[in-house]
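The values are calculated or read from the model by the stated rules, or taken from the named source; none is laboratory data. These numbers come from a predicted model, not from an experiment. Cβ placement follows ideal geometry from the backbone for every residue including glycine, while neighbour counts extend to all protein chains displayed.
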């Protein structure tokens, strides 16, 4: 997984980077075929904004979150991403239904 973190009006400190990695581990735990992750953090007066774009096979997943606290915005962002990744995983994997073509004839 390639990870790119950039900040606008914000210095990306090692503490912020470690916190992001901790939160993004949850996504890679649920879906291991993540190719590329791009994170963009910005500060505009009182609004702290976090955006992420994840490239997985067959799809680009985007989420953004805004809060007054950067860590709260990252937490919210991780929750949104986790839901989207699980939904994508459910769509791409088999649903466990047998097709009618191969059902035994009674």
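Worth pointing out:
- Evaluating residue 78 against the criteria (1) buried (at least 17 other Cβ atoms within 10 Å of the Cβ); (2) at pLDDT 95 or above leaves one unmet condition, (2).
- Residue match in region 59-69 (condition: at pLDDT 85 or above and over 22 Å from residue 4 (Cα atoms)): yes
- Sole residue being over 22 Å from residue 14 (Cβ atoms), surrounded by fewer than 16 Cβ atoms within 10 Å (Cβ to Cβ) and in contact with a strand residue (DSSP E or B) (Cβ under 9 Å, 6 or more places away or on another chain), chosen from 44, 90, 69: 44
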